[in-house]
Amino acid sequence: MRVKRETINLYLELLKKTILFEIWGKNEIYSPTGLPIPPVLNEFLKSHNWPTVAHSMIGRPRMNQLHEAMETVIKEKVEGDFIETGVWRGGSCIFMRGFLKAYNIHNRKVWVADSFKGLPAPNAEKYPHDKNDTLYTSDYLRVSLEQVQQNFRKYDLLDDQVEFLEGWFKDTLPSAPIGKIAIARLDGDLYESTMDSLTSLYHKVSPGGFIIIDDYELPTCKPAVHDFRQQNTINEPLVRIDPHSVYWRKPKNQIISKLNRIGI
């Protein structure tokens, strides 16, 4: 058993290093201007990297936290699948699938939810917090479904335990055929995307499940998290992952009413 556990840990660590492009060096930071990144941003970029080649931009602290969350839900027998809303090149979801394969787990799926064409343009009238956001103009953030699927194939991890939800969250998540959720990793950047994800998915998260907010510190994302938690009387503490991200665990007695789930 010890040898098997060591082998699993070795595989998962290698998977992390590959997805994050750590094996090949650290000069992997994307610069929109093409100029060197100012030294003052180095500390921030340790946890928020826009890479040129890597399959994930979440960085090592957030990847480690995702690993720890999956280990926890397996150990504690928290029921449900894993989902990420906003997947970019698919790296986090690839790691989720690799984790399930390493432990020979067949009764959970990985849900990969994205428009696969970038972020939506802000709906400023309905979501004022998104008014000045310009991420929807970035070609860098547009990664096609075909490319994400190809990235899964590169790791031999594209199979029937991976489900894709293509489209805007407001259209795909409310009717998604997902039962219980053990880990919901939300990476939507905008108020609208974050609120759509929480509204559609939170009531499916099992007691003890993780809600991970990748973009918490963005001025578009944080208000959505606070509004949803306040509307639904969620008082569980937000746990800091790194300077940019947080998570909380759903308490065993947390109930979201049907009215709140549909936004009334």
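The values are calculated or read from the model by the stated rules, or taken from the named source; none is laboratory data. Only a predicted model underlies this, so the values are computations on that prediction, with no experimental measurement involved. Cβ placement follows ideal geometry from the backbone for every residue including glycine, while neighbour counts extend to all protein chains displayed.
Annotation: of all residues in region 61-80 being among the β-branched types (V, I, T) and crowded, with 18+ Cβ neighbours inside 10 Å, the one that is nearest to the chain's Cα centre (by Cα) is V73. The single condition from (1) under 26 Å from Y216 (Cβ atoms); (2) modelled with pLDDT under 75 that G25 fails is (1). The residues of region 125-144 that are part of a helix (DSSP H, G or I) and farther than 17 Å from W168 by Cβ, listed by number, are P128, H129, D139, Y140. Residue count for region 145-163, restricted to those that are charged (D, E, K, R), over 18 Å from the mean Cα position of the chain (by Cα) and either closer than 12 Å to V87 by Cα or not in a loop (DSSP other than H, G, I, E, B) (or both): 3. Considering only residues in region 195-251 that are charged (D, E, K, R) and in a helix (DSSP H, G or I), the one that is surrounded by the most Cβ atoms within 10 Å (Cβ to Cβ) turns out to be D196. Within region 178-194, the set of residues being closer than 15 Å to F82 by Cα, assigned to a loop (DSSP other than H, G, I, E, B) and small (G, A, S) comprises G179 only. For region 48-91, a residue qualifies if it is acidic (D, E) and assigned to a strand (DSSP E or B), and the qualifying residues are D81, E84.
Residues that are closer than 19 Å to A224 by Cα, hydroxyl-bearing (S, T, Y) and surrounded by fewer than 20 Cβ atoms within 10 Å (Cβ to Cβ) do not occur anywhere in region 173-184.
When we screen L157, L145, L100, L119 for residues that are in contact with a Phe, Trp or Tyr (Cβ under 6 Å, 6 or more places away or on another chain), more than 23 Å from T220 (Cα to Cα) and surrounded by 13 or more Cβ atoms within 10 Å (Cβ to Cβ), the only hit is L145. For the criterion of being within 15 Å of the chain's Cα centre (by Cα), closer than 26 Å to I19 by Cβ and of a type in the set (A, V, I, L, M), I211 passes.
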